[in-house]
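All remarks here apply to the structure that follows.
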Amino acid sequence: MLKLTDPEFIRKLEMLSLLARKVLGGTLKADRKTAKKGSGTTFADYTEYNFGDDYRSIDWNIYARLEHLVIKLFELEEDLHIYLLVDFSHSMYGKSRLARQLAGALGYIALNNLDRLTVYALADHLKPILKPAHGRNRLLPMLQALESAECFGHDTDFEQCIKEFQSRKHRSGLCIIISDFFVSGALEKSLDYLLWNRHDLFCLQVYSETDVQCKLRGDVELQCIETGEKRRVTIGPAEAARFTAAVKTWNNRVQQACKQRGIGFATAPVEVPFELIIQNILRHGGLVK
Amino acid sequence: MTFLNPAALWWLFLLLPLAALYLLKVRPERHQTTLLFLWEKVFEKKHSAAVFKRLRNWLSLLLLAIAYTAVVLALAKPCFYQINKHRKLIIIIDSSASMNTLQNGKTLFDRARTKAAAIIKNLLPSQQAVLAAVSTDLRIITGASSNQHYLLKALEQLRPTECAMNPDALSFLAKHRDFCPGSRAILLTDGCFRGASKLKAVEMIRLGKPKQNAGIVGFDIIRLQSGKNNEAGIFISCASTYPDNSEVDLVLAHGKIENIVKVFPLKLKKGINKPIILKIENAAAGKWFAILDKAESFALDNVTCAVLREPQPVKTAISASTSIYEMLVNAYRHSKIMELTDKTPEIVICEGNVPENIAAEKYIIFKPENNSIFWKGAGRPQSPQHAVVEKPAHQLVKFCRLDEAKFEEIQELTPPANSVIVASTANGQPLIYKTARNGKTAYVFNFDPMRGDFFLQVDFPVLLGAAVMDLCGKTPQLPAVFKTGSLLPEAVAATFNGGSMLLPNRKIVKYTPDKHLVLPGFYTLMKNGQRLQFAAALLSVPDTLPPRPEFKSTAQPLESGIPVSFILLATALVLVTLEEILYNRRKVG
């Protein structure tokens, strides 16, 4: 199994970072354009002078021609806050490896672009894995933190985690949620909450084939991996088909919720190498607006 | 209900550990899932079947427990009536001709075999059975054995005969039960024989139902000495069970069954009909058939056959001082029993001693004198004495009353050792005996028939005629047809003993006097150039007239049909299959 701190893994991340630079077309400085106007060097627009505006911003050439005071506006250039919310509940058993790899790759790209990165673990409550970090010197600690993170909690309370996340008064940024999205709470409500707080969202659904296809037959005792709750059931072809349909419906619901809110969404089967998934995300967009 | 092998019930104690093992086995496998909330949605619609699901394991366990109990009970061999398990069974199958009757596509004999097989299959391990078949006689097919395979194999090889049932054979069994003491004799029969009610020691199981039948029960044909052109007399007796006067054609054929000579329309009444007696002119000697033209389930009695013989007079020479013998031979000439001849006689009637001038192989010698190859020491006459008949049933004397006559000129003599003394005197002197020496056979009459006026008595010609016929093997009582299963008369048997016999099925076998005529049809006996053709047919009233419906089975309860153990095992198999389906549903879905 490839560790997150293995040179080979890091080499792969480097390649992905180069690809990201090419695709996203940014510079090495934290020069991501935002919608905010500020004191940058790039002209953005004109606006009427109002009392209190900086005299230095008045375009006197315009005033000479039009006898009307206008001031120049410049684009504000600032670093991007990227929040990785990784599902570390027990339901990610078997899938957490890919989730860590994906989180590592995205975190690597973010830190390499001098963006500010924060990593949280989701379960029945929110647990910080990496405090807000900036700069390439935080790459290895980030990977080590992801490597050492353990699954925890008794449930995946998505709503509670989002509430806790927002209570930390975070600046708005790009929230990347890596989860299987098999959560019992109100997913849509949580997404809405994040959007309301002006976050850009991207959902990455990690799933395995056993989640989608039921190969169990006959009398079985099903035990919830998170809560330990048990149930004796008899699974025949009809029940298996119904279960497959229910999973499909659930996934469609998650996908539909993202689509309706303009949230980027991608799926990550555990059978596919993480670099291919990242390449696919970078090439097809949706991660960065 | 009792158990014949109660020790097997101990196996029931294994039921509890087996149940525990079963419950461990059916415990569902545990699987961890992250999607229990989705499974809840899948199964929330099926709450109605939840009770059944909860009880399903217990239901399966119950099925298996019942199946296991059934197997144990099968091993314990339950029995629903009191039985002496050590008692032997003598299974006797009626293999008489009437068992060939077809009923619902199967012969009664096949039914008997099926029933016997069922009885054999229900034998207890320690119980022995003897398999026997009865028709003209009782044949023990197997000795006492508990080997079911051996008994069933022997049963499979049994075939029905075409002979009538001889109830005396069963009477013999009833009287001589000592060879199998404490046994039960079970007769599987259709009841077509007389004297069934007398067979108290034999339990009878009746097979089949009485069916309507008609057949020929008597047939005879003889050459009439009426002086007309080859006239033959025919006697036919028919019997029927049809309630109304049923019309049927009676066909007479000669030579082959296709060569129809005459057809009589008959109206058959219920029971034995009045015999038909008729004369036919220009009736050729040889094979004759009488056919009742009616299609029936029992057809063996619809065809019968007989042989019309041309009398062959015995060529007789006489060497005696008196003419009384010549007069007697001439008297027999009209009935073509004897005729006088001078050349190559078959038999010589002489007085005193064997004549040297006439060569023959058979002699009738009266008034013996001196020594001869047929006696020694004649020459001391005895006083007149009455005869003491030693063998009253002998062919020679059975129609005579010799004990009333007084014989004179009895000589004191010693017959050869192999002689058959038919009659003697009170003091032990042989009076009439049959003897054979050096290939010659003789009847020696140790008296003078001319003395005491014996020659005037009616017994004298009868005695002489019987002696001639007996010596020549031409018994006058040889019928045109014998009943199947019967033996040939002693005189014929003695003449052809060691010869060959052509059977109706064209096979040639060596003839011995104990050979029964088991097949209907024509036989030919051959020996030393002599040939004798005769016929055999069923001609049995009990076989033609089935028993009345009142004839009931007398057998005590007997384990037969499908064995209880087999039913229990089959039940167990069904239950296990059912449980397997349930188990498969649970485990495979």
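The values are calculated or read from the model by the stated rules, or taken from the named source; none is laboratory data. The model shown is predicted, which means the values in this text are computed figures rather than measured ones. Don't worry about glycine lacking a Cβ; one is built from the backbone with ideal geometry, like all the others, and counts go over all protein chains shown.
Inside the range B:248-331, counting only strands (runs of 3 or more DSSP E) that do not spill past its ends, which hold 1 or more residues that are more than 16 Å from B:Ala537 (Cβ to Cβ) and either out of contact with any Pro (no Cβ under 8 Å at 6 or more places or on another chain) or in contact (Cβ under 8 Å) with a residue 24 or more places away in the chain (or both)? Before you say what the answer is, go through the steps one by one.
Working: elements: B:260-268, B:276-280, B:286-293, B:303-308, B:314-319.
Where strands (runs of 3 or more DSSP E) fall fully within the range B:248-331 and carry at least 1 residues being more than 16 Å from B:Ala537 (Cβ to Cβ) and either out of contact with any Pro (no Cβ under 8 Å at 6 or more places or on another chain) or in contact (Cβ under 8 Å) with a residue 24 or more places away in the chain (or both), they are B:260-268, B:276-280, B:286-293, B:314-319.
What is the number of the single condition among (1) at pLDDT below 90; (2) within 24 Å of B:Pro311 (Cβ to Cβ); (3) of a type in the set (S, T, N, Q) that B:Asn259 does not meet?
B:Asn259 satisfies every listed condition except (1).
Does the range B:442-488 hold any residues that are under 21 Å from B:Ala320 (Cα atoms), surrounded by fewer than 17 Cβ atoms within 10 Å (Cβ to Cβ) and out of contact with any helix residue (DSSP H, G or I) (no Cβ under 7 Å at 6 or more places or on another chain), and which are they?
Of everything in the range B:442-488, those that are under 21 Å from B:Ala320 (Cα atoms), surrounded by fewer than 17 Cβ atoms within 10 Å (Cβ to Cβ) and out of contact with any helix residue (DSSP H, G or I) (no Cβ under 7 Å at 6 or more places or on another chain) turn out to be B:Arg451, B:Gly452, B:Asp453, B:Leu456, B:Val458, B:Val462.
Restricting attention to the range B:206-218, which residues are out of contact with any Phe, Trp or Tyr (no Cβ under 7 Å at 6 or more places or on another chain) and buried (at least 16 other Cβ atoms within 10 Å of the Cβ)?
Within the range B:206-218, B:Leu207, B:Gly208, B:Pro210, B:Gly215, B:Ile216, B:Val217 qualify.
Somewhere in the range B:148-158, is a residue assigned to a loop (DSSP other than H, G, I, E, B) and either among the basic types (Lys, Arg) or at pLDDT below 85 (or both)?
no
Just to be sure before I move on: is B:Ala299 buried (at least 16 other Cβ atoms within 10 Å of the Cβ) and small (Gly, Ala, Ser) in the structure I sent? Explain how you work it out, then say what you get.
Working: buried (at least 16 other Cβ atoms within 10 Å of the Cβ): no; small (Gly, Ala, Ser): yes.
Here the answer is no, as B:Ala299 does not meet what is asked.
Only one of (1) in contact (Cβ under 8 Å) with a residue 12 or more places away in the chain; (2) aliphatic (A, V, I, L, M); (3) outside the structural domain of A:Lys169 (by TED's automatic domain parsing); (4) assigned to a helix (DSSP H, G or I) fails for A:Ala64. Which number is that?
(1)
Quick one: A:Cys151 ticks every box in (1) crowded, with 20+ Cβ neighbours inside 10 Å; (2) within 14 Å of chain B (Cβ to nearest Cβ) except a single one, so which number is it?
That leaves (1) as the condition not met.
If we keep just the residues of the range A:115-143 that are farther than 17 Å from A:Arg100 by Cα and out of contact with any strand residue (DSSP E or B) (no Cβ under 6 Å at 6 or more places or on another chain), which is surrounded by the most Cβ atoms within 10 Å (Cβ to Cβ)?
Step one: filter the range A:115-143 for residues farther than 17 Å from A:Arg100 by Cα, giving A:115-116, A:124-125, A:132-137.
The next check asks that each one be out of contact with any strand residue (DSSP E or B) (no Cβ under 6 Å at 6 or more places or on another chain); those that pass are A:124-125, A:135-137.
Details: A:Asp124: 18, A:His125: 15, A:Gly135: 12, A:Arg136: 13, A:Asn137: 9.
Within the range A:115-143, the match that is surrounded by the most Cβ atoms within 10 Å (Cβ to Cβ) is A:Asp124.
For the range A:47-61, give me each residue that is on the phi < 0 side of the Ramachandran plot and either modelled with pLDDT under 85 or not in a strand (DSSP E or B) (or both).
Taking the range A:47-61 as the starting set, the residues that turn out to be on the phi < 0 side of the Ramachandran plot are A:47-51, A:53-61.
Matches in the range A:47-61: A:Tyr49, A:Asn50, A:Phe51, A:Asp53, A:Asp54, A:Tyr55, A:Arg56, A:Ser57, A:Asp59, A:Trp60, A:Asn61.
For the structure I just gave you, tell me whether B:Arg184 is more than 16 Å from B:Thr544 (Cα to Cα), outside the structural domain of B:Ala299 (by TED's automatic domain parsing) and at pLDDT 80 or above. Please lay out each step first, then the result.
Numbers: more than 16 Å from B:Thr544 (Cα to Cα): yes; outside the structural domain of B:Ala299 (by TED's automatic domain parsing): yes; at pLDDT 80 or above: yes.
In short, yes.
Would you say B:Ala169 is modelled with pLDDT of 90 or more and either in a loop (DSSP other than H, G, I, E, B) or crowded, with 17+ Cβ neighbours inside 10 Å (or both)? Even if it seems obvious, please write down each step before you answer.
Working: modelled with pLDDT of 90 or more: no; either in a loop (DSSP other than H, G, I, E, B) or crowded, with 17+ Cβ neighbours inside 10 Å (or both): yes.
So B:Ala169 does not fit the description; no.
Out of B:Ala97, B:Ala112, B:Ala133, B:Ala67, I need the residue that is small (Gly, Ala, Ser) and over 30 Å from B:Asp543 (Cβ atoms). Which one?
Values: B:Ala97 fails: over 30 Å from B:Asp543 (Cβ atoms); B:Ala112 fails: over 30 Å from B:Asp543 (Cβ atoms); B:Ala133 fails: over 30 Å from B:Asp543 (Cβ atoms).
The match here is B:Ala67.
Counting residues that are more than 13 Å from every other protein chain (Cβ to nearest Cβ), which helices (runs of 4 or more DSSP H) fully inside the range A:162-264 reach at least 2?
On the way: elements: A:187-196, A:209-212, A:237-260.
The helices (runs of 4 or more DSSP H) meeting that bar are A:187-196, A:237-260.
Determine, yes or no, whether B:Tyr433 is in contact (Cβ under 8 Å) with a residue 40 or more places away in the chain and of a type in the set (Phe, Trp, Tyr). It would help to see each step written out before you state the result.
On the way: in contact (Cβ under 8 Å) with a residue 40 or more places away in the chain: no; of a type in the set (Phe, Trp, Tyr): yes.
The answer is no for B:Tyr433.
Does B:Pro368 fit the bill of being more than 43 Å from the chain's Cα centre (by Cα) and modelled with pLDDT of 90 or more? Don't jump to the end; show me each part of the working.
Values: more than 43 Å from the chain's Cα centre (by Cα): yes; modelled with pLDDT of 90 or more: yes.
The answer is yes for B:Pro368.
Go through the range B:220-243 residue by residue and tally those that are touching a strand residue (DSSP E or B) at 6+ places or on another chain (Cβ under 9 Å) and either farther than 19 Å from B:Ala536 by Cα or outside the structural domain of B:Glu296 (by TED's automatic domain parsing) (or both). Before the answer, list the steps.
Initial filter on the range B:220-243 (touching a strand residue (DSSP E or B) at 6+ places or on another chain (Cβ under 9 Å)): B:220-224, B:226, B:228, B:230-242.
With either farther than 19 Å from B:Ala536 by Cα or outside the structural domain of B:Glu296 (by TED's automatic domain parsing) (or both) added as a condition, the list becomes B:224, B:226, B:228, B:230-232, B:240-242.
Going through the range B:220-243 one residue at a time, the tally reaches 9.
Just a yes or no: is a residue in the range B:393-414 closer than 30 Å to B:His254 by Cα, modelled with pLDDT under 90, surrounded by 16 or more Cβ atoms within 10 Å (Cβ to Cβ) and outside the structural domain of B:Ile234 (by TED's automatic domain parsing)? Give the derivation first.
In the first step, residues of the range B:393-414 are kept if they are closer than 30 Å to B:His254 by Cα; the result is none.
There is no residue in the range B:393-414 that is closer than 30 Å to B:His254 by Cα, modelled with pLDDT under 90, surrounded by 16 or more Cβ atoms within 10 Å (Cβ to Cβ) and outside the structural domain of B:Ile234 (by TED's automatic domain parsing).
Can we say A:Ala246 is free of Cβ contacts under 8 Å to residues at least 24 places away in the same chain and buried (at least 16 other Cβ atoms within 10 Å of the Cβ)?
yes
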